[in-house]
Amino acid sequence: MAARGILMPFNVRTKTTASPPVVIMIPSFLSWFGKFSRAGRGRFFCSHGVPEIDMYNYRHMFAQRMAMAGLKPHHRIAMAISGGPDSIALCVLTAGWKYDNFGAATNGRRKSIDGLLAIVVDHGLRTESGEEADLVHNRIIDMGIKCEVARCEWLDGRPKLGHLQEAAREKRYETLRNICIQQQIGILLVAHHADDQAELFILRLSRNSGVLGLAGMAFSSQMFPSFPDFSGERSKAHGILLVRPLLDFSKEDMYNICRGGNQQWVEDPTNRSPLYARNRIRMSLNDLSSPIFKAELQAVISACRRTRLHVDKVCHQLRNQTVTVMPHGYAVIDLGILQAAEVKDIYLTKFIAMVLQFVSQRHRPVRGNALKLLLSYLHTFPCKTSLTVANCYLCPAPGSKGTKVLVCGSINSSSPPMMELFHASSFEGENRLATSELEQILADSATYLDKFVPDPSTVPFLDLTSSESVILESQRLGILSDSTLESIISLQKEESESFKSKAETISNVSKDDVRSAGATWSKLIYPGQVGYFMNRFVLDWKASNINAEGLCSCSLCISGDDMVVEVRHMIDSDWIYLSDLSKQTNAEDSQPQIHSYAKTKQEAGKSLLCLDYAILSARRALLSLKSIPVAARRAMPVLINAKGVLLCIPVHRLLFLLLSILGEMLNVACLIV
């Protein structure tokens, strides 16, 4: 959300280190220059003089972090900007990094820096947010940075208070991702810093996260669009590389960088509201702001991050050795290799969570009891049973005698299958990013980070299963002193009690997730629309330009209102229908039935032609479907007409159309991102 207050720094030039300023908070929104605001006239000032700041070390450290991400100054980059000290500091450092190394592309600082875009997201949740976003926009433009303001639309109404921050965050990242795609920018920088990591550490500690959760936010990750680039011939998934280059900078550093760059920033009074967990933790941490406490807390987080870096490396090796991803949206895990390697539980937990998140295409990782069930399932060798968990179905892979596990999407989960609909013209060409450039960036980053992967013998916490055991082990290793441990436990208990109290009064069950047992999900798709089924199958439904006289009235041909078809997942009766149809010798066997509803001899002839084609297609479909396990077939989409007749099943990126070749044309592709 855009901020409400403002801090005006003095001009600075020396090289000493400054402490955070004491800010006088005034509730009304005040503009940077006063005259632009309709609210009260005035400014926020520091209550003490500001020493001068040496920017060299900050710039050098930032350049190292950008190299760690595989980024170079010529890359096109977007930044998420709110106008607060964190994002303004990000602007100062990124603009300086680009200009110093790539300044020849510009003719002075007044010209916009090439390949750099700031994005201000106006959530529209406060009446004054639009004016605030515009003021931030003007200030960023004055810095020589191109800036775009995005206004959020809440089509389903304003989110409820208990889920306001989460909903705003999801909307913000969705907006940022979409703008990056439209502008063909593959890298997005966000301004999370070390103090944010400390808040998240206490928050996750109070939720009893393990060591991997306590490691906090990742330095870099990928965001994928809600719909892939689909050209009609093939599909591609282009991820936006999300980078957090300030994770090793403190909040104090943010203020210093803004002052060192002679830039103003705004403070948001809503960040002081105790209604939100992060705000409560932030205020509690500020009360414990001794240098020793801060340093030791960051040391624990750093140890957790080193552990996660090592675990991620091992899990990627396991993935390459044991997982086969099939083109129809399912995966096969080789349990024999896992058993022989005697993999530790911490690796198995991350590994299976990674596989299920990939197959289910859900943004939220697998947690809690679901992970315990999965871990127990993987330890059973050979595998003899099935398991439905986290929107996935696991069972022994056919023909493997339990030495391999099949993982596919589940049709029996509490959440129904998803299919987002788009008009083909609304996204054509917009999702195309420089894939080869992104791949090179990721490769460069991986090469850089490989140098920092610790040796297993030096990695702490590998055998620990709870958050409490992590902080106690940190004390034993000398990372935490007794006083810091006591303070952390106090913060943990305080937030745990608050979380339990909130959980008793707020229900997290959504009516949209409730589905009656045995119900079959379906959705209509119209000609010209493109459906994205379960985030892996792209269905492009197009009407052919064919004279209506070429169509017959048999159940396999569609025209007029029937051109609207229904999408659902495959069921057992579809297989029976294909089997029965394929057993017919030819259309002549059904000639009496065809003549019974055909109005003319000519129409009956066309129906015979259609049925002949359908019989041939059914045989080909069965031949290909036999190679796909039954469980995986049940998660595949099929198209039916208004009479419930099966029209199409996507197989091997080709189509087996059970409809007249004079009817509709359907393009289907299977995509896993």
Scope segment 251-294; condition assigned to a loop (DSSP other than H, G, I, E, B) and either farther than 26 Å from Glu494 by Cβ or touching a Cys at 6+ places or on another chain (Cβ under 8 Å) (or both); matching residues: Gly261, Asn262, Gln263, Gln264, Val266
Subset of segment 469-498 [at pLDDT below 95 and of a type in the set (Asp, Glu)]: Glu494, Glu495, Glu497
Enumeration of residues in segment 173-204 that are of a type in the set (Phe, Trp, Tyr) and buried (at least 22 other Cβ atoms within 10 Å of the Cβ): Phe201
Scan of segment 126-175 for residues that are β-branched (Val, Ile, Thr), in a helix (DSSP H, G or I) and free of Cβ contacts under 8 Å to residues at least 60 places away in the same chain, ordered by number: Ile140, Ile141, Thr175
Elements of type strands (runs of 3 or more DSSP E) contained in segment 384-448, each with 3 or more residues being modelled with pLDDT of 90 or more and buried (at least 17 other Cβ atoms within 10 Å of the Cβ): 392-396, 404-409
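The values are calculated or read from the model by the stated rules, or taken from the named source; none is laboratory data. Keep in mind that this is a model prediction, so the values were computed, not measured. Cβ coordinates were reconstructed from backbone atoms using ideal geometry, including for glycine residues, and neighbour counts include every protein chain displayed.
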